[in-house]
Amino acid sequence: MPHSPLATPSATIAVLERHGLVTKKSLGQHFLVDDNVIGRILALARVARDDVVVEVGPGIGTLTVALCAYAGAVVAVERDPGLLPALAETTTACPRLAIVRSDALDVTPGELSAPFGPPAALVANLPYQVAATVVLRFFEQLPSLASATVMVQAEVADRMAAEPGGKDYGAYTVKLRLLTRPAGRFPVPRTVFLPPPRVDSAVLRLERVERPEPPALLETAAEVASAAFAQRRKTLRNALLASGRWSREDVDEALASAGIEGRRRAETLSVDEYVSLARLMR
């Protein structure tokens, strides 16, 4: 039995033709047409029978119908009104499905929670233009969200899972790592999409981490990271001073108290070191 009867080129083309649809590059629409990839997403997501799952960009419902067979309920957020009739047709066997017509960058926690309660997981083939922003925003605004298993551009997955010292490690990585940890990944070839994208893809699982620090301190740590990476070529001390957010005395005292050498570069600091600095620079 296939995980999704829509995950083939012929089935996808048939749905698109029935509804007079074409893919919209402006919305990053690339339809997944490989059922093996659907199965691997489900295995990595580990959706439980009582989970409320959010999907962003359901398209014609290829992943949606597979999620409906595993999750307690699914809330699908679709921006393109032209896809809604096709989505309604393909998901008739999904009684615990709510479709929210909205942009994922604008949808509110209340809209996501209203149909079935607070969501526990995000599982989605995300539109590449907004993928990084959506993942961070959902973890920030949905305390109930325990995990995200998302297909994104491979370069974005590299940023999400980067470790200190590498070129992919930046302020976004620090902000995401304050809330989550990477917990699995696999590559996805371009050939499993209709039409094929021009970039490589990857599916990444992120799990929420429970940190002991109060939210206000974590927000300051994110601000410190943003300032440090804003002028990446400068030393840490000079980048923090250039931000104008803290005085010279505050920066020097914080660096000394944290035992962090000011001549280091932003990409060499761990997430915990950013938290230590934030505690001293509030």
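The values are calculated or read from the model by the stated rules, or taken from the named source; none is laboratory data. Since we're looking at a predicted model, the values are computed, not measured. Backbone-built Cβ (ideal geometry, glycine too); neighbour counts: all protein chains shown.
For every residue, the table says whether it meets (1) more than 12 Å from residue 271 (Cα to Cα); (2) in contact (Cβ under 8 Å) with a residue 24 or more places away in the chain; (3) hydroxyl-bearing (Ser, Thr, Tyr).
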{"residue": "145", "(1), (2), (3)": "yes, yes, no"}
{"residue": "150", "(1), (2), (3)": "yes, yes, no"}
{"residue": "154", "(1), (2), (3)": "yes, yes, no"}
{"residue": "157", "(1), (2), (3)": "yes, yes, no"}
{"residue": "160", "(1), (2), (3)": "yes, yes, no"}
{"residue": "164", "(1), (2), (3)": "no, yes, no"}
{"residue": "173", "(1), (2), (3)": "no, no, yes"}
{"residue": "181", "(1), (2), (3)": "no, yes, no"}
{"residue": "184", "(1), (2), (3)": "yes, yes, no"}
**Report entry** Sole exception among (1) within 25 Å of the chain's Cα centre (by Cα); (2) at pLDDT 95 or above; (3) over 23 Å from residue 181 (Cα atoms) for residue 232, by number
**Finding:** (2)
Query raised in the report: Checking residue 4 against (1) within 22 Å of residue 118 (Cα to Cα); (2) not assigned by TED's automatic domain parsing to the domain that holds residue 202, which test does it fail?
Result: (1)
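Rundown of residues vs (1) loosely packed, with under 14 Cβ neighbours inside 10 Å; (2) under 27 Å from residue 53 (Cα atoms); (3) of a type in the set (Asp, Glu), yes/no style:
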{"residue": "173", "(1), (2), (3)": "no, yes, no"}
{"residue": "176", "(1), (2), (3)": "no, yes, no"}
{"residue": "188", "(1), (2), (3)": "no, yes, no"}
{"residue": "197", "(1), (2), (3)": "no, yes, no"}
{"residue": "201", "(1), (2), (3)": "no, yes, no"}
{"residue": "206", "(1), (2), (3)": "no, yes, no"}
{"residue": "218", "(1), (2), (3)": "no, yes, no"}
{"residue": "235", "(1), (2), (3)": "no, no, no"}
{"residue": "248", "(1), (2), (3)": "yes, no, no"}
Report task. Give just the number: which of (1) surrounded by 15 or more Cβ atoms within 10 Å (Cβ to Cβ); (2) touching a strand residue (DSSP E or B) at 6+ places or on another chain (Cβ under 6 Å) does residue 65 not satisfy? Result -> (2)
